[in-house]
Amino acid sequence: MSELPQENLKTHVSIKGEEKKDLTWEERIPLRKDYAERFNLSEEEAEALDYYLFYLGLDVNDLVGKKVLDVGSGHGNFKKALQKIVEIKDGEFVNFDVNIFAAELGETEQELDVSGAAETLPFKDESFDFVLANFSVPVMQFTGQELELIPKTLREMVRVVRGGGVIKIFPVGGEISTGSISYDNAYSQLLSIVMTELKKISLEKLLAEIKITKFSKEEGLYEVALQITKK
Ligand SMILES: C[S@@+](CC[C@H](N)C(=O)[O-])C[C@H]1O[C@@H](n2cnc3c(N)ncnc32)[C@H](O)[C@@H]1O
């Protein structure tokens, strides 16, 4: 198992690590049913709520009254769920994605607030309290082998979050088992690509803390979430 890369950043930014045991699919089912019943959520909304809260380490109350950017928001199910649980004012929570569903699939339910690419975010500097990316970037850029986009995306996220604001990303690599040796080996490199860029950004004294959460799966397998606090 590869070690989480921490040592080189210590002098520039505080790094905290934590380990969590991933819940199995079966363990999640009652949790999601409970969300769905309590808050009148669809299955998709309850699933998104579960993933965002668990992997990004969020509490819905943290987001109330805050400016939030959901990068790669997909169908926007997390926002839809949130709106049924707490009060979200217009413009506070921004669903952002490339416009693929509408363009290619003819779907109307994507519910985008702003469309575009994560590597060139169309927002002013320091305009969000939280920037979230759940199962979107950089992992999709990585699987598409658009590796040059990964550093750009990280820098864009740091640019648009305010000082003291927080970026939360899952996953940024780890050790997984998909049955494809080349894919699994490559996936373990994603974290080092991300940490190399974060090291450069931290040298520019833009970051206050990087928190690495390792979600353990069976037999030494794990995936990694990042929480980055801007200075
Ligand atoms: C697996 S979906 C996840 C959707 C949502 N975050 C969720 O967890 O339900 C990944 C999303 O990332 C978006 N995405 C991938 N690369 C992107 C990029 N470079 N810029 C913006 N969105 C991107 C895709 O269009 C897709 O909607």
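Bear in mind that the values in this text are calculations on the coordinates, not laboratory data. Bear in mind the structure is a predicted one, so any value in this text is a computation, not a measurement. Here the Cβ is made from the backbone with ideal geometry for all residues, glycine too, and neighbour counts use every protein chain on show.
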Cα centroid separation, the stretch 48-93 to the stretch 154-218 (Å): 21
Computed lengthening from K217 to K66, 0.36 nm per intervening residue step minus Cα-Cα distance: 51.1 nm
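What number in nm² do you get for the chain if you take the convex hull of its Cα atoms and divide its surface by four?
About 12.7 nm², averaged over all directions.
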Paramagnetic reach from F135 (point 7 Å along Cα→Cβ, amide N under 14 Å) across the stretch 160-190: 170-172
Cα shape, the stretch 45-88, gyration tensor, a/c 1.5 rule: rounded
Rounded, prolate or oblate (a/c below 1.5 giving rounded, otherwise prolate when a/b exceeds b/c) for the stretch 102-231 by Cα gyration tensor: oblate
Cβ-derived FRET efficiency at R0 30 Å, S127 paired with E18, nearest 0.05: 0.55
Where a label projected 7 Å from the Cα of S42 along Cα→Cβ would reach, residues of the stretch 71-90 with amide N under 17 Å: 73-85
Two-decimal log10 I(q)/I(0) for the stretch 120-160, as the Debye equation yields it once each C-alpha is a single scatterer, q = 0.16, 0.35 Å⁻¹: -0.40, -1.20
Gyration tensor (alpha-carbon) shape descriptor, the stretch 177-224, a/c threshold 1.5: oblate
